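Structure first, then comments.
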Amino acid sequence: MNVRTDPALRLPGSSSPVVLLDGVSRYYGGSASPVPALAEVTTSITYGELVAITGPSGSGKSTLLNLIGTLDRPSSGRIIVDGHDLAALDDRRLSALRAHRMGFVFQHFHLAEGTTALDNVADGLLYTGLPRRERRARAGDALHTVGLGHRLRHRPHQLSGGERQRVAIARAVVGDPVLLLADEPTGALDSNSGGAIVDLLHRLNDNGTTVVVITHDVQLAARLPRCLSLRDGRLIADSAYPTAAEASR
Amino acid sequence: MTPHTSLDHSRLRVTDLVRLGGNGLRTRPLRAVLSALGIAIGIAAMVTVIGISSSSQAHLSAQLSRLGTNLLTVTPGQSLSGEQAQLPPEAMSMVARIDGVETVGSVGKIDDAKVYRNSRVDPRQTSGLTVFAAHPDLLEAVRADVTRGHWLDQAPQNYPTVVLGHLAAQRLAAQPGDQVWLGDQYFTVLGTLQPVPLAPELDTAALVGQKAAEHLLGFDGHPTTVYERSSDARVSAVRALLPRTVNPEHPEEVQVSRPSDALAAKDAVLESYTGLFVGLGCVALLVGGIGVANTMVITVLERRREIGLRRALGAARRHISIQFLVEALLLSAMGGLTGVALALTATAGYALSQGWPVSMPLAVPLAGITATTLIGALAGLYPALRAARTPPMVALSS
């Protein structure tokens, strides 16, 4: 794959990438002595994939996820998400991309305390401009999808860790995103709850959502169809590259 | 699923924005109340001072319209050689002849006579009271009222009777029917007067009829003050004519003044204090604004996680900054409304306790609320911009 010369990048179709990274690097610190967090990563993720990104702490997993999630910008290289070259988008359009096309799941859930599960999930649609009634209706559907239809009025402190993460996932998918980004979604959970979360991610993927999961749990990564391995900011292995990825399509 | 979405902006509804702004205040109510209190105190101080001043003015103009601004007093000035001049004994009847003059009254001070509670009081303890020979028409001219008892015209002129001013009656602890030691004999108190705002010198006066004053106290017949009321339209004309009429030979020895001007001047003094207090209120408001800014800076630091999450959910930077700006605005508007409510209560309470009408120009509370809103916007601006600049990935990893 040579994205540099591929003008057919934006052609629709099942084989077009939802995420395309081309020589992406990210340095932190001052320009005098920049610390590389990610170096020259080039890869792509196709619509409908379920991908794990693994690697030890400090390998650049989170940096990569933040770059794909448009929460950070690369120091160099090009990123294309859902057909949009991120370098060409201003803050408003990047925000719109996140609001309409992406969902985020975090290790520590980041739910609003004192707010019901329903309203936490409805907040996933806050920046789409939908009316509140509509947001709540969809939030109810999303909570049913993740198996929490009986917990709509519960507040985070009344829920177990696994349930909280399912609320967070419902919030991430309530807007029906094309891309679900999960950062260590099972990291704060016991293995049973974690397993249920992975099952849920599989189910969402079956329904067509592209899912990218960061994990340092090797067993979890092994359960996913494709695995990208990072070390010291470099992409060192891709379980699907090149033939497996094409075969799985 | 099409990969080619045309990207609109992410949107946040106004109702949601207000709800978000209120959220921050609801989750930390004590902090919100305390920092709003600073603003409230500042605005309450300013609005109260203006309200009290306005009520006092309303009281004054009501008082002036009741007392009239058409009263002029004529007093002797000094002669060219620097000696104390005198008004001629016939001054009163001459003033009465001026065109437009409606009522005339006069008093003549009797320097040698003092009034005491009884004959055993030390003669030096005069209690600041003065003895006047009073013309019967005095009461009408100054629009004074008898509190208790009767006015001088109700008793034979030659008898030793006296009418006491409001304060004189208090200091002598005398009621109608009592006796007071005046000159070298006891006088019977005929009546007591209500306060006379336009002629406060009568409040500390013992008023004796002119005939009794001449016979019993050696009054020389020269009035020391002539009180005159004319129709409102003629006041300045009469004022110009008075010196020449009273003393044709030496008009320069006659002083004419308008007591209602003194009341207005007193109010003007109050007015200058109002400016000072409004200035102090401004300082309090400024300090309150700094308090709000401080609170908002801390809030933004504490809520980095929330900011990161909102950015991930699709909030643009401007959504974040507007959210915190709205929070600051709500905070200061809350303070402003509380302050104005406090001010209205305080103004009403003070005015009623003083027996004044309650008066508050509508523009003042409105300006107060506008000012707090502006202060809230200013105080929230920096924290809001800072919130918008918070990098989302740093906020989320914390």
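All of the numbers you see were taken from the coordinates with simple rules; none came from a lab. What you are looking at is a predicted structure, and each value in this text was computed from that prediction instead of being measured. Every residue, glycine as well, gets a Cβ built from its backbone with ideal geometry; the counts of neighbours run over all protein chains shown.
For region A:118-206, trypsin sites (Lys or Arg not before Pro) are listed when DSSP marks them as loop and at most 16 other Cβ atoms sit within 10 Å of their Cβ; the list is A:153.
The fraction of Cα-Cα pairs per 5 angstrom bin, counted from 0 for region B:6-102, comes to 2, 8, 8, 8, 8, 8, 7, 7, 6, 5, 5, 4, 4, 4, 5, 6, 3, 2, 1, 1, 0 percent, rounded to whole percents. Put simply, the amide H of residue B:114, placed in the peptide plane, has neighbours under 5 Å in B:183, leaving out anything fewer than 5 places away on its chain. In terms of other Cβ atoms within 10 Å, B:161, A:115 run from fewest to most in the order A:115, B:161. Rounded to the nearest whole Hz, the Karplus-based 3J(HN,Hα) values (6.51 cos²θ - 1.76 cosθ + 1.60, θ = phi - 60°) of region B:79-88 follow the sequence 6, 4, 7, x, 7, 5, 7, 10, 8, x, with x at glycine and proline. A Stokes-Einstein calculation at 4 °C with viscosity 1.567 mPa s, built on the Kirkwood radius of chain A over Cα pairs, returns a diffusion coefficient of 70 µm²/s.
Going by a ≥ b ≥ c, the root eigenvalues of the Cα gyration tensor, does region B:70-259 fall in the rounded group (a/c under 1.5), the prolate group (a/b larger than b/c) or the oblate group?
Working: a/c = 2.09, a/b = 1.60, b/c = 1.31.
Here region B:70-259 falls in the prolate category.
Normalised by 2.2 N^0.38 Å, where N is the number of residues, the C-alpha radius of gyration of region B:149-233 stands at 1.13.
Please check which bits of region B:86-108 a label hung off residue B:249 would reach, taking the label as a point 7 Å along Cα-to-C-beta and the cut-off as backbone N under 16 Å. What the label zone holds, given the 16 Å backbone N cut-off, is B:86-91. Taken along its three principal axes, the alpha carbon spread of chain B comes to 118, 48, 38 Å, from the longest extent down to the shortest.
Taking amide H as placed 1.01 Å from N in the peptide plane, the amide H of residue A:180 sits under 5 Å from that of A:103, A:210, A:211, A:212, each at least 5 places away or on another chain. Projected onto their three principal axes, the Cα atoms of region B:303-398 cover extents of 65, 21, 18 Å, largest first.
Couplings for region B:374-384, taken from phi via the Karplus curve 6.51 cos²θ - 1.76 cosθ + 1.60 with θ = phi - 60°, read 4, 4, x, 5, 5, 5, x, 4, 5, x, 5 Hz in order; Gly and Pro are left as x. Along chain B, the longest continuous region that contains none of the GluC sites (Glu not before Pro) in a DSSP loop with at most 14 other C-beta atoms within 10 Å is B:91-248.
Summing Lys and Arg as +1 and Asp and Glu as -1 over all other residues whose Cβ lies under 14 Å from the Cβ of residue B:18 gives a net charge of +2. Each Lys or Arg adds one and each Asp or Glu subtracts one; over the other residues with Cβ under 15 Å from the Cβ of residue B:256, this totals +1.
So if a site counts as exposed when it's one of the trypsin sites (Lys or Arg not before Pro), its DSSP state isn't H, G, I, E or B, and it has at most 13 other Cβ atoms within 10 Å, what's the longest stretch of chain B without one?
B:125-398
Over chain B, DSSP H runs of length four or greater, each weighted -39,500 (n - 2.57), average out per residue to a 222 nm ellipticity of -18500 deg cm²/dmol. Near residue B:8: Cβ cut-off under 11 Å, other residues only, Lys/Arg at +1 and Asp/Glu at -1. The net charge is +3. Counted over the protein assembly as shown, the DSSP beta bridges are approximately 65% antiparallel. For region A:148-164, putting each phi into the Karplus relation 6.51 cos²θ - 1.76 cosθ + 1.60 with θ = phi - 60° gives couplings of 10, x, 9, 10, 4, 8, 6, 9, x, 5, 8, 10, 6, x, x, 5, 4 Hz, in residue order, rounded to whole numbers and with x for Gly and Pro. Under 5 Å between amide hydrogens, built in the peptide plane, is the criterion, and for residue A:37 it picks out A:26, A:27, A:28 among residues at least 5 positions away or on other chains. Considering the convex hull of the alpha carbon atoms of region B:169-280, report its projected area averaged over all viewing directions, in nm², one decimal. So the Cα hull casts an average projection of 11.6 nm².
For the protein assembly as shown, the Cα gyration tensor yields ellipsoid semi-axes of 95, 23, 19 Å (square root of five times each eigenvalue, largest first, whole Å).
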